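These notes concern the structure reproduced below.
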Amino acid sequence: MITLHEFGPAFGLRTASPFGLKLEAYMHLAGIPYRVEFDGNPRKAPKGKLPYITDDDGRKLGDSALIIEHLIKKHGDKLDTHLTAAERATGHALRRMTEESLYFPMLYSRWIDEAGFAVVAPVFFATIPAPLRPLISLVVRRSTRSALMGQGTGRHTREEIYAMGSADLKALSDALGDKPFFLGDEPTSYDAAIYGTVNNLLQIPTGTPLTTFARSLPNLVAFCERVTKRCFEDASGATS
Ligand SMILES: N[C@@H](CCC(=O)N[C@@H](CS)C(=O)NCC(=O)O)C(=O)O
């Protein structure tokens, strides 16, 4: 069975990582069995980032998009075969916007914004011995700040960063409209990807303008509830 290595649960999320949650949703929707091993250290991962998988044959694979490509080759394409080329293009653009644009304001809201960090740090660092927490906070925040500077988002003001993230959220909400899923009545791999990031944003009460704006978009909130229900709740309503 596949082992998914990802950051641990927090704030009611199965994993506080957008890309781990995306893979969990994808494998649930595609009916691919897996087990989870929680890991807090990306340095052991094949690409230095979490999540990664260890497949049945012991092979380790990093990057959620490459992992899904691998799963499709191995298990068949369970979610997207009915989509037209134009629908795939739309899904691709929305997924890229979510993962390569919206993700960075979300990262900023957790790690750099003092308001967000005050909420996440006690939970994310709960298992780290108290005397080590200040040092770990410093190291993680410094590396996140440097990643955000390199990518570009970190060069903007707080207001600009949240305006950019909110514009992405508004575009997602408008693209979804009143459909149950982004490309119609049934969930696709693109829904799994968008869900991973948006639900991470919605569930963590950072109190930042980005989270507040996300929570003001009823169709995106309902979309995430729908995917959670479809993937992780049994008939009694209990969450697995
Ligand atoms: N493109 C990768 C992104 C993975 C990623 O950014 N993971 C973050 C956590 S959400 C990480 O491991 N960060 C730790 C680091 O960069 O050191 C994917 O789709 O899996």
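Some points to look at:
- Average projected area [Cα convex hull, the chain], square nanometres: 13.2 nm²
- FRET efficiency for the pair ALA222 and ARG155, taken as 1/(1 + (r/R0)^6) with r the Cβ-Cβ distance and R0 = 45 Å, rounds to 0.85.
- The trypsin sites (Lys or Arg not before Pro) of segment 11-76 that DSSP puts in a loop, and whose beta carbon has at most 15 other beta carbons within 10 Å, are LYS47, LYS49, ARG59.
- Candidates PHE223, PHE104, PHE125, ranked by Gaussian network fluctuation over the chain, Cα under 10 Å, top entry: PHE125
- For LEU138, net neighbour charge (Lys/Arg +1, Asp/Glu -1) across residues whose Cβ lies under 15 Å away: +3
- As a rough footprinting exposure proxy, the listed residues ILE53, ILE112 were ranked by other beta carbons within 10 Å of their own, and the order from fewest upward is ILE112, ILE53.
- Once you reduce segment 68-83 and segment 29-64 to the center of their Cα atoms, the two points are 18 Å from each other.
- Summing charges over all other residues whose Cβ lies under 11 Å from the Cβ of TYR195, with Lys and Arg as +1 and Asp and Glu as -1, gives +1.
- Its DSSP H runs of at least 4 residues, each contributing -39,500 (n - 2.57), put the calculated 222 nm mean residue ellipticity of the chain at -17500 deg cm²/dmol, to the nearest 500.
- Fewest neighbouring Cβ atoms within 10 Å first, the residues MET106, MET1 line up as MET1, MET106.
Since every read-out is calculated from the coordinates, none of them should be taken as a lab result. From a predicted model like this one, the values you see are computed outputs, not experimental measurements. Virtual Cβ from ideal backbone geometry, glycine too; neighbours counted across all protein chains shown.
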